[in-house]
Amino acid sequence: MQPQKENMEINEDIVIVGAGIAGLATSVALHRLGVRSIVLESSESLRTSGFALALWTNAWRALDALGVGDSLRQLSLHFTRFQAFSADSGLPIAEISLEANNKPIDYDSRCIKRQEIVETLEKELPPGTIKYSSRVISIEQSGVFKLVHLADKTVLRTKVLIGCDGVNSVVAKCMGLQKPVDANRSAIRGYVEYPKAHGFEPKFCAYFGGGVRIGFLPCDDKSLYWFCTFTPSDYDEKIEGSPTKMKQFVLSLASNVSKEAYNILERTSLDSLHCAKLKLRSPWDILKRDNIVKNNTCLVGDALHPMTPDIGQGGCSALEDSVVLARCISEAIFARKLIKVEKLEEGDELYKRIKVGLEKYAKERKWRIFSLISTSYLVGLAQESNGMVISYLREKFLAQFTIKTMLKMGDFDCGKLLK
Ligand SMILES: Cc1cc2nc3c(=O)[nH]c(=O)nc-3n(C[C@H](O)[C@H](O)[C@H](O)COP(=O)(O)OP(=O)(O)OC[C@H]3O[C@@H](n4cnc5c(N)ncnc54)[C@H](O)[C@@H]3O)c2cc1C
């Protein structure tokens with residue numbers, strides 16, 4: 001048994017809870033602007049559940065601002081096109097080129113392994129920034145400070161608390177936010193690594209309709225990521241704990257996908273499957289400022305805006321959040337050169353400035369997040385529904401329209417980080 005620690009109180013200027021994409025990117029963004037932070041992570045090491053994720057143009061712009069865009073580009077393939085097929089018939093229903101020729105937007109769409117993105121971000125941080133095995137169990141107000149209590153009884157006293165602790169966020173709970181709602185849909189994700197080049201074209205290939213969305217995305221020459229979203233019945237609920245059942249279930253849904261795509265599913269080993277229920281925050285909740293920022297506490301990424309994965313923007317928008325937040329905090333701190341405040345009382349200038357900085361972040365982000373959550377939900381309905389009318393419209397124009405919408409939502413620039 002580990003010896004029990006004494007109650008220790010440690011002072012920190014900025015505490016970030018969670019070392020997922022949001023927490024790491026926020027800490028890197030602050031670091032780029034000369035602002036120190038620490039990141040508390042409950043796990044013993046970086047978590048990479050979910051295998052990989054699609055990153056759209058907005059995410060690559062944010063990664064460029066963080067200074068890691070080019071190194072991550074070298075680890076991924078640039079998608080040349082987005083192809084959609086009917087999951088009912090297997091026939092093509094939409095295709096959009098992602099090549100730069102004659103386009104107003106230079107799309108940058110790629111799929112990247114989660115491990116690569118979190119490890120790359122971690123390397124950018126000064127040693128010791130991430131405190132592993134540090135699970136936050138409660139948060140308490142102490143004057144204008146926050147006391148952050150960890151499971152090992154350590155207590156941190158901080159001026160700024162940033163919740164990047166994902167969909168079941170403790171920080172969001174302490175701010176009084178409602179729990180995210182169940183989307184009544186689930187997703188199974190899989191990852192396959194080939195001994196030699198897989199030969200799959202660098203494209204986003206997806207099957208829509210009949211109550212499912214199945215997508216295939218190469219990460220690099222030797223690995224592929226796939227996802228399958230669906231509305232589970234009472235029976236399907238039971239597959240979550242059984243990889244064998246998950247695989248059988250996905251194969252049963254994929255009877256109309258191409259032979260090449262079916263082989264990818266068949267090849268997936270049982271330890272490379274992951275099933276999760278989909279959750280989202282009501283977009284209306286985001287319009288209340290107190291739900292994004294409260295005094296010296298704020299939220300980033302899934303802690304703030306869990307959304308259905310239908311436009312692949314959860315992680316991308318977390319990267320946008322991190323750049324915008326770091327800029328707002330640094331502008332607030334360095335507004336008139338940093339004043340060293342030993343004892344921060346309510347009304348102190350620095351505290352007031354940080355509060356204004358966080359409010360600016362909330363103002364800048366709320367409509368963007370509102371539109372991402374709502375669009376994602378609607379795109380999911382249009383792409384997955386098995387209703388006759390939507391199925392008919394999807395084959396006529398909705399599939400093409402939803403892909404264009406996904407690309408449009410990804411054409412956002414969160415700006416740069418300039419000292
Ligand atoms: C099926 C599916 C497909 C998706 N596809 C895409 C995609 O293609 N593109 C895309 O951009 N997004 C996608 N997403 C969304 C994306 O995965 C998330 O938006 C993103 O991972 C959120 O990152 P985060 O850092 O906010 O949260 P998380 O990744 O959940 O990280 C939270 C971290 O906080 C830690 N933590 C939690 N509680 C505590 C605590 N109390 N104390 C200390 N640490 C704590 C956790 O251990 C974890 O490391 C998808 C999501 C799903 C479900």
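Bear in mind these aren't lab numbers, they're just calculated from the coordinates by the rules spelled out. Computed from a prediction, not measured in an experiment: that's the story for all the values here. Reconstructed Cβ throughout: ideal geometry from the backbone, glycine too, with neighbour counts over all protein chains shown.
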Rounded tilt (10° steps) of 57-66 against the dominant C-alpha axis of the chain: 30
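Could you line up GLU349, GLU240 from fewest to most neighbouring Cβ atoms inside 10 Å?
With the fewest neighbours first, GLU349, GLU240 line up as GLU349, GLU240.
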Per-residue ³J(HN,Hα) for the range 138-151, Karplus 6.51 cos²θ - 1.76 cosθ + 1.60, θ = phi - 60°, Hz, x for Gly and Pro: 7, 9, 10, 8, 9, x, 8, 8, 10, 9, 9, 9, 9, 4
5 angstrom amide H check on ILE130, placed H, neighbours 5+ away: VAL39
Amide H within-cut-off set for ALA183, under 5 Å, with H built and near neighbours excluded: LEU278, LYS279, LEU280
Packing rank of 303-312, 223-232, 167-176, where each peptide gets the mean count of other beta carbons within 10 Å, highest leading: 303-312, 223-232, 167-176
Computed [θ] at 222 nm, deg cm²/dmol, the chain (DSSP H ≥ 4; -39,500 (n - 2.57); rounded to nearest 500): -10000 deg cm²/dmol
Zone of GLU201's modelled label, taken as backbone nitrogen in the range 81-97 under 16 Å from a point 7 Å along Cα→Cβ: 81-86, 91-97
Cα long-axis angle, helix 114-123 against the chain (0 to 90 degrees, to the nearest 10): 30
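Using the Cα centre of the chain as the reference point, and only Cβ charges (+1 on K/R, -1 on D/E), how large is the resulting charge dipole? Debye, rounded to the nearest 20.
Once rounded to the nearest 20, the dipole reads 740 debye.
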Under the Karplus curve 6.51 cos²θ - 1.76 cosθ + 1.60, θ = phi - 60°, whole-Hz ³J(HN,Hα) for the range 405-419, x wherever Gly or Pro sits: 5, 4, 5, 5, 5, x, 8, 9, 10, 7, x, 9, 10, 10, 6
Rg/Rh for the chain, where both radii come from Cα atoms and Rh is the Kirkwood radius: 0.98
Relative contact order (percent, whole number), the chain, Cα cutoff 8 Å, 6+ residue spacing: 23
Loop-located trypsin sites (Lys or Arg not before Pro) in the range 127-160, at most 11 other Cβ atoms within 10 Å (DSSP): none
Cα centroid separation, the range 162-192 to the range 362-386 (Å): 16
Ranked packing of 275-287, 373-385, most packed first, by mean Cβ within 10 Å: 373-385, 275-287
Neighbour-count order for SER272, SER233, fewest beta carbons within 10 angstrom listed first: SER233, SER272
Cα-centre dipole for the range 282-409 with unit charges at Cβ (Lys and Arg positive, Asp and Glu negative), debye to 20: 440
Whole-Hz ³J(HN,Hα) from phi, Karplus 6.51 cos²θ - 1.76 cosθ + 1.60, for the range 307-317, glycine and proline x: 9, 5, x, 5, 10, x, 10, x, x, 4, 6
For the chain, share of DSSP beta bridges that run antiparallel, in % to the nearest 5: 70
Between helix 21-32 and the chain: long-axis angle, C-alpha atoms, 0 to 90°, nearest 10: 50
